[in-house]
Amino acid sequence: MLILLYNIYLSKNNKNILLFEFLWFILDWKYLMKTKRSYEMNTNRITLIDELRGFSLLGILLANLLIFQYGIFGKDEIAFFDLPKWDITGYYFTKIFIESSFMPIFAFIFGYALILMADKLQDKQLPIKRYFFRRFIALMIFGFLHTYFIWEGDILLTYGSIGIILLMFLKRKPKTLLVWFIIFSSIIVLLGIGGTEEEAGILYSEETITTFLQESTAIYQTGSYSEIRDHRMNDTPFELGEMELMIILIMAPLMILPMFLIGMYAAHRKWLEQPKYFKRLAILLVPIGLLFKIAPYFITFYDFSMLGGNVLALGYVFLFAHLYEKFRASRFMAAFEQFGKLSLTNYILMSVIFTLIFYAYGLGLFAKVGIWLAVFIAIIVYTLQVIFSNLYLKHFKQGPLEWIIRVIVYWNFKSKPKMKKVQEVDNAI
């Protein structure tokens with residue numbers, strides 16, 4: 001964040017003006033839903049995509065709070081942390097309404113934007129697969145660095161690797177994309193047979209997980225940066241054989257691949273340009289998705305959560321799109337757009353901020369805050385990032401990490417890429 005603020009300072013070179021803009025934005029925040037903003041398509045960018053991206057990152061942040069403050073294994077063993085009833089309510093609210101329902105939105109938008117970018121590149125007769133391959137490799141590099149140095153809950157490495165797989169589907173007909181979506185979705189349905197993980201008996205023993213969580217909590221609350229990084233990267237409550245590890249590595253991407261494919265299909269069919277269907281689809285899909293998400297708490301012979309997460313994600317997409325049509329000129333909706341335009345920078349920044357809040361090399365609040373207070377903190381941080389994004393975009397067209405992606409894609413360190421003709425779609429993924 002300091003680097004970004006310094007960039008703004010260099011471009012403006014006037015502290016008083018920058019301070020005035022910052023204070024004005026905060027004072028004007030109470031008029032979010034009343035004050036109108038001029039609405040124009042910015043260099044052919046579909047604004048709804050940016051706003052959906054910003055909205056999905058808010059949900060991803062709220063879901064990731066469980067990992068930030070309880071660990072990637074502790075988030076599903078919440079009884080260990082002995083939370084009060086109020087926070088237990090917040091925990092189940094997060095598990096049902098948020099967890100596993102916002103990452104699929106990001107995957108949907110990823111696939112949707114992929115087709116839009118491919119069309120623009122094709123119109124300009126530019127090398128499509130080379131452009132995307134470099135872009136996805138760049139995402140994988142960021143994902144690896146993010147995982148190793150900052151936090152293990154990264155999505156960039158997975159999305160970059162899936163992006164390379166999607167190159168095989170790039171020139172397929174919409175009908176073919178739909179068929180593959182159905183095939184991979186059917187795999188998810190079949191994987192749910194046999195009940196929840198607890199019912200299937202494939203999880204670690206209670207004694208093992210209790211010992212692990214005790215050690216993990218102590219490390220996150222008191223350990224050094226190197227100790228925490230080593231724990232994140234190497235320690236688990238169970239040992240996986242080579243076969244089990246191979247199965248996980250193969251199956252994990254398949255869980256979210258359908259959402260990428262349906263996003264690509266939706267772009268071909270222009271789903272986000274047909275507002276008359278938004279409300280009806282939201283009313284249909286949101287309740288069905290919630291029903292699937294709730295079912296595992298009452299039915300043990302089948303795990304509906306993976307299927308429910310994807311259905312609910314599509315419902316949220318259409319619900320947000322409906323609200324976008326009604327309130328597109330409000331500052332409230334503009335907040336998601338500003339955040340979404342700097343999605344990569346803001347995503348990494350969120351990890352930096354919240355690891356500093358919860359881990360010992362920062363404030364050391366791991367397992368000390370509770371669910372609702374953490375949500376309150378997250379909303380404050382998200383709001384500050386929105387304000388920052390708004391100020392930043394007044395002076396720059398893209399964030400610093402987005403610029404690095406462009407350097408890798410265009411193989412050019414100059415301020416303007418060689419492929420200038422497609423500058424308007426640079427931040428679409």
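Just for segment 364-384: of the residues that are closer than 11 Å to LEU61 by Cβ and among the β-branched types (Val, Ile, Thr), which one is farthest from the chain's Cα centre (by Cα)?
Across segment 364-384, the extreme among qualifying residues is ILE377.
Counting only residues that are more than 30 Å from VAL407 (Cα to Cα) and modelled with pLDDT under 95, give me the helices (runs of 4 or more DSSP H) lying completely in segment 82-196 with at least 3 of them.
Qualifying helices (runs of 4 or more DSSP H): 174-191.
Does MET259 fit the bill of being under 20 Å from ILE98 (Cβ atoms) and in contact (Cβ under 8 Å) with a residue 24 or more places away in the chain?
Considered against the rule, which asks whether it is under 20 Å from ILE98 (Cβ atoms) and in contact (Cβ under 8 Å) with a residue 24 or more places away in the chain, MET259 comes out as yes.
Could you go through segment 9-24 and let me know if any residue there is charged (D, E, K, R), out of contact with any helix residue (DSSP H, G or I) (no Cβ under 8 Å at 6 or more places or on another chain) and modelled with pLDDT under 50.
no
Scan segment 124-136 and report the pairs whose first residue is charged (D, E, K, R) and whose second residue is surrounded by 13 or more Cβ atoms within 10 Å (Cβ to Cβ) and not in a helix (DSSP H, G or I), with Cβ atoms within less than 9 Å and a gap of 6+ or a chain change.
These pairs meet every condition: LYS124/MET419; LYS129/LEU170; ARG135/ILE429.
Scanning segment 68-79 for residues that are in a helix (DSSP H, G or I) and surrounded by fewer than 19 Cβ atoms within 10 Å (Cβ to Cβ), which turns out nearest to the chain's Cα centre (by Cα)?
Ranking the candidates gives ASP76 first.
Out of PHE73, PHE68, PHE81, I need the residue that is under 30 Å from GLY340 (Cβ atoms) and touching a residue at least 24 places away in the same chain (Cβ under 8 Å). Which one?
Exactly one of PHE73, PHE68, PHE81 is under 30 Å from GLY340 (Cβ atoms) and touching a residue at least 24 places away in the same chain (Cβ under 8 Å), namely PHE68.
I'm checking my understanding of the structure. Among residues of segment 292-317 that are at pLDDT below 85 and in contact with a helix residue (DSSP H, G or I) (Cβ under 8 Å, 6 or more places away or on another chain), which one is surrounded by the most Cβ atoms within 10 Å (Cβ to Cβ)?
The qualifying residue surrounded by the most Cβ atoms within 10 Å (Cβ to Cβ) is ASP303.
Going through ILE262, ILE256 one at a time, which residue ends up being crowded, with 20+ Cβ neighbours inside 10 Å, at pLDDT below 90 and closer than 28 Å to MET168 by Cβ?
Sole residue among the options that is crowded, with 20+ Cβ neighbours inside 10 Å, at pLDDT below 90 and closer than 28 Å to MET168 by Cβ: ILE256.
Write out, first by first residue and then by second, each pair whose Cβ atoms fall under 9 Å of each other, whose residues are 6+ apart or on separate chains, and whose first residue, in segment 104-118, is without any contact (Cβ under 8 Å) to a residue 60 or more places away in the chain and closer than 21 Å to LYS129 by Cβ while the second is surrounded by fewer than 24 Cβ atoms within 10 Å (Cβ to Cβ) and β-branched (Val, Ile, Thr).
ALA118/ILE128
Based on what the data block shows, is GLU325 touching a Pro at 6+ places or on another chain (Cβ under 7 Å) and over 21 Å from MET259 (Cα atoms)?
yes
The values are calculated or read from the model by the stated rules, or taken from the named source; none is laboratory data. For clarity, every value in this text was computed on a predicted model and none was experimentally measured. Cβ sites come from the backbone with ideal geometry, for glycine too, and all protein chains shown count toward neighbours.
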